[in-house]
Amino acid sequence: MDIILLGPPGAGKGTQAQRLVEHHGMLQLSTGDMLRETRKADTELGHKVADIMDSGGLVSDEIVSAMIDAKLADMGPETGAIFDGYPRTAAQADQLDGILARHGRKLDHVIELEVNEEALVERITGRFTCANCGAGYHDVFKQPATPGVCDKCGSTEFKRRPDDNEETVRKRMQEYRGKTAPILPGYEQRGIVSRVDGMASIEDVTHAIDAILTR
Ligand code: AMP
């Protein structure tokens, strides 16, 4: 089963994708994570990607679609893909259709996480992750059980994304409204869109997604 998790930054796509990986053995394909790897490299592309990400703008459709294509080429047909943060534009949605067809796959569900935008700024600016295992936390909503120690792996190193500041977040929301939300009607016409209340608890959102996948 291949699915898209759609929603503005901070809607919980990454969190839910990680849970789907754990519960269903699917693979998370996050273009944001792939680009965070790309930007680490001291290359022209790495610097260009870093500048775009820090401004809250979008990286070129060709670059991200090529990344997705390469990941799918390495995946067996039996492993389901969770597209997280991709597609983000109409062109990427078209490219994804072509890529899936080439790999003999098809899109089963587009799950939209519906959220209140104002609450997202607080969600995003407070979030941090374990530098070792990537487990996600939040200053207000989800501190580790022992302060300063990762619940999952015991590491004491944490990190924050450089683009999780209010100014960049507002620009990322604007990009979502202007370029990403308009791809939904096309998927709606195909009858594959389901909506989930992304303001519910992490657990409840996971249950709602599971119910969609097993129906
Ligand atoms: P994310 O981790 O999904 O919030 O993505 C972080 C940043 O990476 C975005 O603000 C964009 O600059 C870039 N990015 C991630 N995915 C895409 C995509 N599909 N298309 C263009 N830019 C992307």
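Readers should treat all values here as calculations from the given coordinates under stated rules, not as data from a laboratory. Keep in mind that this is a model prediction, so the values were computed, not measured. Note: ideal-geometry Cβ built from the backbone for every residue, glycine included; neighbour counts use all protein chains shown.
Towards the positive end of the charge dipole of region 16-151, with charges on Cβ (+1 Lys, Arg; -1 Asp, Glu), say which of 141, 21, 43 has the farthest Cα.
21
What's the extension gain from residue 69 to residue 36 if we count 0.36 nm per residue and subtract their Cα-Cα distance?
10.1 nm
Which residue, 214, 199, 59, has the largest displacement toward the positive end of the dipole of region 2-214 when charges sit on each Cβ (Lys, Arg +1; Asp, Glu -1)?
The Cα lying farthest towards the positive end belongs to 59.
Hey, in the GNM for the chain with a 10 angstrom Cα cutoff, which one of 120, 45, 100 fluctuates hardest?
Among 120, 45, 100, the largest mean-square fluctuation in the Gaussian network model of the chain belongs to 45.
Separation between the residue 190 and residue 55 pseudo-spin-labels, each 7 Å from Cα along Cα→Cβ, expressed in nm?
Result: 3.1 nm between the two label points.
Could you tell me whether region 78-162 comes out rounded, prolate or oblate from its Cα gyration tensor? Rule is a ≥ b ≥ c as square roots of the eigenvalues, rounded for a/c under 1.5, then prolate if a/b exceeds b/c, otherwise oblate.
Since a/c reaches 1.5 and a/b is larger than b/c, the shape of region 78-162 is classed as prolate.
Size of the dipole of region 2-214 about the Cα centre, Lys and Arg at +1 and Asp and Glu at -1 on the beta carbon, nothing else charged, in debye to 20?
The dipole magnitude comes to about 140 debye.
Say each of residue 214 and residue 1 gets a label point 7 Å from the Cα, pointing the same way as Cα to Cβ; how far apart are those two points in nm?
A separation of 0.9 nm, rounded to one decimal place.
Could you put 142, 13 in order, starting from the residue whose Cβ has the fewest other Cβ atoms within 10 Å? Don't skip to the end; give the middle numbers.
Numbers: 142 15, 13 24.
Taking fewest neighbouring Cβ atoms as first place, the list is 142, 13.
Just grab the label-to-label distance for residue 118 and residue 161, each label 7 Å out from Cα along the Cβ direction, in nm (one decimal).
2.3 nm
Once you order the gyration tensor axes a ≥ b ≥ c over the Cα atoms, which shape class does the chain get: rounded for a/c under 1.5, otherwise prolate or oblate by comparing a/b with b/c?
rounded
Show me the GluC sites (Glu not before Pro) within region 110-212 that DSSP assigns to loop and that have at most 12 other Cβ atoms within 10 Å of their Cβ. Show your work: numbers first, answer last.
Values: sites: 112, 114, 117, 118, 122, 157, 166, 167, 175, 188, 203; in loops: 157.
Hits after loop and neighbour filter: 157.
Is the C-alpha gyration tensor of region 110-215 telling us rounded, prolate or oblate? Criteria: a/c under 1.5 is rounded; beyond that, a/b larger than b/c is prolate, otherwise oblate.
The shape class here is oblate.
Between residue 94 and residue 146, take the C-beta separation as r, use R0 = 41 Å, and let me know the FRET efficiency to the nearest 0.05. Display every interim value, and only then the final one.
Working: r = 48 Å, r/R0 = 1.16.
Given R0 = 41 Å and the Cβ-Cβ separation, E is 0.30.
When the Cα atoms of region 139-188 are enclosed in a convex hull and the volume is divided per residue, what value in Å³ results?
139 Å³
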